[in-house]
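The values are calculated or read from the model by the stated rules, or taken from the named source; none is laboratory data. Model, not experiment: these values are computed from the prediction. No Cβ is skipped: glycine too gets one built from the backbone with ideal geometry, and neighbour counts run over all protein chains shown.
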Amino acid sequence: MTRTRPLSVILCIVVAVTVTWLLEVILRSTGQPLLLPPFTLAIALVVIGALSLGLAIPIRRAVKAKELRRIDPFYATRVVVFAKSSSIAGALLLGMAGAILVFLLTLPVTPAVSSILMASATLGGAVVLLVTGLVAEFMCSIPPDDHDQGDERPATAHPH
C-alpha cells in the first residue's frame, strides 16, 4: 500500500467543496434549511484522529526499536488502512466544512454565530483528522531492508 499522495488529498477537497457548494445552493434556492454540521461532529473527528495516532504508536515503536519485536501483520494492516481512510475522510470533511463556512459568510443575511461556530469547529476537526491520519500513516511505514536492495538477481523460471 502506498501513502496518501498530496494530489489525492487536494482532489478530495476540491470534489467535496464543489458538491457541498452545489448542495447548499440547491437547498437555498428551494427554501430548504441549509446543511450545517453539528458540533459533536468536530469532537468525533478529533477523537477519531487521536485513536488513529494511538493505534499507530506501537507499530512505530516496534519499527524504531533496536531489538527485534514482532508485530501482528493483520494489526499493522488494519491500522494503516484506518490511517489512510482517516486522511481521506479528513480531506473530504475539510472540503465540506470549508464550503459550508464560506457559503455562510457570503450570504446577504448575516447567519447566526452558532452556525458559523459549528462550521468552524467541523473545519478544525477535519484538519485534525487529516493531519493525524497522515502522521499515523507515516508512523506505520517500514524502512527498506538493506539486504533486499542488494539482491539484483533476475528471476528465473524452472521447467516442471
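Just so you know, in region 104-136 the residues that are outside any helix (DSSP H, G or I) and β-branched (Val, Ile, Thr) include one that is farthest from Val25 (Cα to Cα), and it is Thr110. Take the conditions (1) surrounded by fewer than 14 Cβ atoms within 10 Å (Cβ to Cβ); (2) within 17 Å of Gly124 (Cα to Cα); Ala16 misses just one of them, which is (1). Looking only at region 101-108, decide whether some residue is buried (at least 22 other Cβ atoms within 10 Å of the Cβ), of a type in the set (A, V, I, L, M, F, W, C) and either under 30 Å from Val63 (Cα atoms) or modelled with pLDDT of 95 or more (or both). Within region 101-108 (the criterion being buried (at least 22 other Cβ atoms within 10 Å of the Cβ), of a type in the set (A, V, I, L, M, F, W, C) and either under 30 Å from Val63 (Cα atoms) or modelled with pLDDT of 95 or more (or both)), the answer is no, since none of the residues qualifies. Of all positions in region 53-73, none carries a residue that is under 21 Å from the mean Cα position of the chain (by Cα), more than 20 Å from Arg3 (Cβ to Cβ) and part of a helix (DSSP H, G or I). Here Ser8 clears all of (1) hydroxyl-bearing (Ser, Thr, Tyr); (2) surrounded by 14 or more Cβ atoms within 10 Å (Cβ to Cβ); (3) modelled with pLDDT of 95 or more except the condition numbered (3).
Scan region 118-126 and tell me whether some residue there is touching a residue at least 60 places away in the same chain (Cβ under 8 Å), more than 18 Å from the chain's Cα centre (by Cα) and surrounded by fewer than 16 Cβ atoms within 10 Å (Cβ to Cβ). Checked against the condition, which is being touching a residue at least 60 places away in the same chain (Cβ under 8 Å), more than 18 Å from the chain's Cα centre (by Cα) and surrounded by fewer than 16 Cβ atoms within 10 Å (Cβ to Cβ), region 118-126 yields no hits at all.
Out of all the residues in region 28-86, which are surrounded by fewer than 17 Cβ atoms within 10 Å (Cβ to Cβ), within 17 Å of Glu137 (Cβ to Cβ), modelled with pLDDT under 90 and of a type in the set (A, V, I, L, M, F, W, C)? Scanning region 28-86 gives Ala62, Val63, Ile71.
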